[in-house]
Each structure stands twice: as C-alpha cells, then as structure tokens.
Amino acid sequence: MTLEEIYAHHADFVWRCLRRQGVPREDAADAIQEVFLAVHRTLKSFEGRSSVRTWLFTICRSVARDRRTRAHRRLEVVRPNATFDDVDARADAAARVEHNDRLSLLETILSRLEPELRDVFVLYEIEDLTGEEIAEALTLPLGTVYSRLHAARKEFKRAVVRFEASAPATRAHVGGRA
Amino acid sequence: MSEPMRLIDEPSPLDDGQGAGLARDLLAAGRGEALTAHEKRGIWAGLAAHALVAAAPASSVAPAALAGGKAVGLGAVMKGTLVVVALAGGVVGGAQILRRVSPEAERPRASLASTLAPSLPAAPSPVVVPPRSPPRESPPSPPWPRSSPASRLAEEGRVVLDARRALRDGDAASALRRLEAAHAAFSGGALAQEREALTIEALAQLGRREAAAARAQAFLRAYPGSPHAAAVAKLASP
C-alpha cells in the first residue's frame, strides 16, 4: 500500500474527519497535508496492523488537537446554545433545504452531541467503520461503542424531529402564514 | 453482538416515521461531503513538492519547513500524481462526479474515479523513470495540463529534486543551469527559497565563492527564519 493509494482512496475521509474534529474549512488543505505527511513518516510501522481508516482517524485526531494547541486560528465553533433559528427559517424542512443547508443542519445537530457520542455516531453512520474499528480508533471497549452509538442515535433522531417540528412555527413566525 | 443496521439504510430511521426523509437526507449529505477534484489535486501537488524538497539527506540544504511548522525528514520521493492518473485510466464507467454538493450521493460511495475530473488523460501513464535514477526517486509526471498551478508546482518541485541530485553527484554546473532556467520560469514560485539555497550551494561548489557569499547574505536578509538559513549561513563568507 503506497501513500498515493491511501491518498487517492481516503483523502475525502481525512477531510471529513478533520472537519468533524473542528478544523475550519479554510485550514483544511494545510491540515490534510499534515496528516498525509504523518502517514508517510509512519507508513512502514503501520502496515496491516489495523484498518486504514482507523489509523487515519487517530492521525486526524492528533493533528486536529495539535493545531488547536498551536492556535493557528480561532476555530469556528457552533455556539453551544445555537438554535434552529440559525438555519434559514424559511426553508421547507423536507422538500427545499439545499444540500449545503443540509450539511449546515447536519453540522449543527452533530455539534450538539456530546463529543464522545458524536465521534462514534459519525464514524459509524457516516464513515461506515465497524464497531470493532471504532473501538480501536477511540480506544474503547466494544460494548461502550455500541452503547454510545445507541445514545447518539437517540439524540440525533430527537434533534431531527425537533427541527421538523420547529420549521412550521418559524415559518409562521417569519411569514405570517397559518 | 451483530452490528445494528446503518441509520441511512433503515427503512424508517426514525422510530415513528417522522422526519425519516430528512434524517436520510442529512446522513446522505454528510456521506457525500468531499473535496473537489481540483482541491484534491492541489493538495497532492503541495504534498509532493514538500516531499521532493525534503528528500535529500546527503545535501547540505536543510529540509524545508512544512505547513504546520514541522520539519520532516522524508527519505523517499513520492511518485506524485501518477497513481491518480493510473486510477483514472483504469476506471470503467462511474461518470458521476462527486462534489461537495451531491444530494444523490448514496451507498456505495461513488468510486474514486468519479472524483477525478473527466478532463484527466484517459490513458494510464506508467511511471517515468529517468535513466540514472532508482525507481523510487522518479519524478512525477503531471496528469493535468501544464498550465495549472498544481502542475507548475509539481514541475518546480522536479527541478529542485534534479538540482539537488546533481549537486549530490558533484555536477554543480548542470545543477546551476537547471536552477537558473527555473529562476526565469518560476519567478515567485512556492519553492523559491529552496531554489535559491541550492543555487548558492552550486555556486560555492563551482568555486564562485564571492558570488555564493553575496547571494547567501542577501538570502539571510530576505529569509531570516528560513529552515535553510543555517546551511546558507555557512557560505555567507567567501
């Protein structure tokens, strides 16, 4: 397995991981390069010991952490008390939310999850890692992974339902429609 | 314990059916979030350039500082974008371009090839191995039109690599020739410091010590914090 192959297959995954770990969009290129340079340095010692994505995830997490402590930039952080008013209140939740709005909404919902629940949820539901891979990536017992996943799913579902419930109210609030 | 089904695959991801469509849409949006092909190439070119610059342990020029400020002693040259081209050439079908805004992204993920713009050359090109180099150090051949910033960066990186190798082999004259040509072609290029440091070294190797010293002093004034500063400083007095 070469660096080029890893890059070709997993650059998007790395980018998503970095974004979920709080790296701002404008820093993405820099951060991705850091990750793959670390991959290059440690490739020989990695070979085959775990799944590639597990390994990449741990590198992403430590690169993101390093960048936070180096404080290159003020991180963009969704305010913990952000409400769904942040999302365009006029968007019809089911039909007319555009893809970017969906991403924003997804990010909003994810940002409200406890970080430990969010990590498990994202790795399972978006990145398709197996429970065992997640256990390895996050250094958790497998049972903990599943229980966090269960809790995260509940939270996620609740947030989606809450958003849908709020949309008609905000529509009425904004547009005066019944 | 068998794994629970992924939420996006569940017929009704929300227990009471409410919001089911939206939940799936959100997860699909998250799964489809990706770099554009252009971004992907650009990042790779930057990676390759950094690796090329850093890859010459025998040279007296210090490895370049990388984004993030860490010097990395990379021993091998990356083959650059070759594999990207090879993969593009090997693809059959799968024409959907996976962009950041792809609402219909669904499992399985669009293949790698679909992330590459269709303008990439269709035929896979084998690794180009210059006659005297070991395969590991063969420079990448650009898969995209040479006018793009990413390909210019890759070419500039190749010049740096060739010059460094020539210096290591004791052929300072040809290194200097390459570097002077690059100076004209890549003015303001990202690897200007590396090229200048190598130029100074080449001049010193050729015995043109006053010229080397003058340029070294100018270099240290211009780039005081450069990772090459220490090596260049050694040549700053004739």
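Numbers below:
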quantity	calculated
Segment A:1-41 shape via C-alpha gyration tensor axes, a/c threshold 1.5	prolate
Residues B:Glu3, B:Glu201, B:Glu194 arranged by fewest to most Cβ contacts within 10 Å	B:Glu3, B:Glu201, B:Glu194
Local electrostatic count, A:Glu107, Cβ distance below 9 Å [Lys/Arg +1, Asp/Glu -1]	+2
Virtual spin-label span in nm between A:Lys44 and B:Ala184, 7 Å along Cα→Cβ	4.2 nm
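Just so you know, all these numbers are worked out from the coordinates, no wet-lab data involved. Just so you know, these numbers come straight off a predicted model, no measurement behind them. Virtual Cβ from ideal backbone geometry, glycine too; neighbours counted across all protein chains shown.
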